[in-house]
Amino acid sequence: MKKLKIIYISCFLLLAGNTFAQEVEVMTIEEAIQLALTNNHNLKAVAVNKEKASNSATAGNAGLLPSVSATAGAEYSNNNTEIEFISAGQPSEGGDPGDSNLGSNRQTINGAASDSYNANIRMDYVLFNGNGNRFTLKQLRESATLEEIKFKQQVENTVLQVVEGYYDISRQQENLATVKETIVTSNKRLNRLKERYLLGQASKLEVLNAEVDLNSDSTSYLQSEQAFFNAVRKLNVILGNEVSASYSVDPNFEFVGGLSADVIIEKAMTENLSILAQHKQEEISELDLKITKAQKSPEFSTYAQYGYNRMNNEASQVVYNESLGFTAGVSMRFNVFNGHQQRTREQNAKLNVLAQQENTLQLTKELERDVMNAWSDYDYKRRIADMETKSMEQAELNFRQTKEQYELGQVTSIDFRTAQTNLQLAKNRLNDALYKAKVAEYSILQLAGDLLDSIEE
């Protein structure tokens, strides 16, 4: 029963694998990248920052446009009021009756009402502030450009994640196909040994060994299938897809031709997004220094106002007052001394520029190192892939010859199993080598700033 169970499990796995291969769709690398660029959640979050920076890069935010404000108000009061007026020719209380120049007139008003209304529109505009507002506008635009570069960096990182996930699925898919072929061969070998055992041409030990090998192959199939579906779910998260979505991938691909270390290094120094972002950060720090220096210049402003005011007051000598008209003026503000705060800000801004310049030099050296290391890694992995291709071809030839000799009874079952195992291992090593080489190739393209161009072609 145990032997039959092993055979049934193996047959079920093969049928399940064939059914899966027929039902699911095949996704290309281009489709996967496009899906990720549309649905990836991290990418959408970074896009928000890019849009915010773009919205902020306006003349209004830089202070280059006038500000216009409108105000309006109304007020009412009701009070008991006592008013004493000094009047000529009448003596005041406690005063000298003979002094005709002193006098007072006291008046009490209960429930004296007063109300006032006003409405004004005012425009303020900075005529000159050392060009600080113009430098601010340029800084806002450079900041928006920096966010655009950061967004492209996130796009590159997303593409690399898709590439790694996609070709990992391809690797697991090919490994799964290899195990399926191995199970078919192992099943045939077991059936052949059983027939020979019944004829007295094989030992019971050979049959048992074949059953153990088939069981081992079935276990390998389950492990490979698990790895395949785990890789699919991992890529689904990157794609912003349903986690449970199933598909296969196109295992065929070609390496990019015409790559050379000198060209990659040269392009990296001018087109790599990390170095471009750092250059932009350096420009922003220089503009910040200019803005800081502009703050010590006098600021000239102008304003214009058109307004309406009306007041009614029963307890006042002026019972009614109304005005409507235009007012304009200019002003100048100059900071004479503020505890050396201006000097400190300038010193810190200069230090920030120096720090960014050092960061640029450091990043340039690191980028050159990374490109050289990445190229070396890519070159070695390509060579390893070529060697594994030859190794797989030799293992395949060895397996075919061993299989022919095994069917003729010229080699043992163990020798046949060894050739079979060597072929499976050779195929798995080739799949791993191709996967690593292809991912290394995309890393080279990213460092050279060609990754996004390569996916658009």
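The values are calculated or read from the model by the stated rules, or taken from the named source; none is laboratory data. All figures in this text were calculated on a predicted structure; none of them were measured in a lab. Counting neighbours? That spans all protein chains shown, and the Cβs are built from the backbone with ideal geometry, glycine included.
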Exercise. Which ones in region 274-305 are touching a strand residue (DSSP E or B) at 6+ places or on another chain (Cβ under 6 Å) and surrounded by 15 or more Cβ atoms within 10 Å (Cβ to Cβ)?
Worked result: E299, F300, S301, Y303, A304, Q305
For this session: Considering each residue of region 141-173, count those that are closer than 16 Å to L235 by Cβ, charged (D, E, K, R) and surrounded by fewer than 22 Cβ atoms within 10 Å (Cβ to Cβ), and give that number.
Result: 2
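Could you tell me whether region 396-406 includes any residue that is among the polar types (S, T, N, Q), crowded, with 20+ Cβ neighbours inside 10 Å and either in contact with a Pro (Cβ under 6 Å, 6 or more places away or on another chain) or without any contact (Cβ under 8 Å) to a residue 40 or more places away in the chain (or both)?
There is at least one residue in region 396-406 that is among the polar types (S, T, N, Q), crowded, with 20+ Cβ neighbours inside 10 Å and either in contact with a Pro (Cβ under 6 Å, 6 or more places away or on another chain) or without any contact (Cβ under 8 Å) to a residue 40 or more places away in the chain (or both).
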Exercise. List, please: which pairs have Cβ atoms under 9 Å, are six or more places apart or on different chains, and start with a residue in region 322-333 that is of a type outside the set (S, T, Y) and at pLDDT below 95 and end with one that is loosely packed, with under 10 Cβ neighbours inside 10 Å and in a strand (DSSP E or B)?
Worked result: none
Exercise. Name the residues in region 335-369 that are under 15 Å from I275 (Cβ atoms) and surrounded by 16 or more Cβ atoms within 10 Å (Cβ to Cβ), would you?
Worked result: Q356, L363, T364, L367
Seminar exercise, completed: When (1) at pLDDT 90 or above; (2) part of a helix (DSSP H, G or I); (3) in contact with a Phe, Trp or Tyr (Cβ under 6 Å, 6 or more places away or on another chain) are applied to A74, the one that fails is (2)
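From V263, V232, V256, which residue is β-branched (V, I, T) and at pLDDT 95 or above? Before you say what the answer is, go through the steps one by one.
On the way: V263 fails: at pLDDT 95 or above; V256 fails: at pLDDT 95 or above.
Result of the check over V263, V232, V256: V232.
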For this session: Would you point out which residue out of S454, S413 is surrounded by fewer than 21 Cβ atoms within 10 Å (Cβ to Cβ), hydroxyl-bearing (S, T, Y) and in contact (Cβ under 8 Å) with a residue 24 or more places away in the chain?
Result: S454
Problem set entry | Index of the failed condition, V353 passing every other in (1) within 25 Å of Q281 (Cβ to Cβ); (2) touching a residue at least 24 places away in the same chain (Cβ under 8 Å); (3) out of contact with any Leu (no Cβ under 7 Å at 6 or more places or on another chain) | (3)
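Here is a list: A385, A419. Which entry is part of a helix (DSSP H, G or I) and within 22 Å of Q173 (Cβ to Cβ)?
A385
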For this session: For region 253-305, enumerate the residues that are among the polar types (S, T, N, Q), farther than 30 Å from G132 by Cα and in contact (Cβ under 8 Å) with a residue 40 or more places away in the chain.
Result: T270, N272
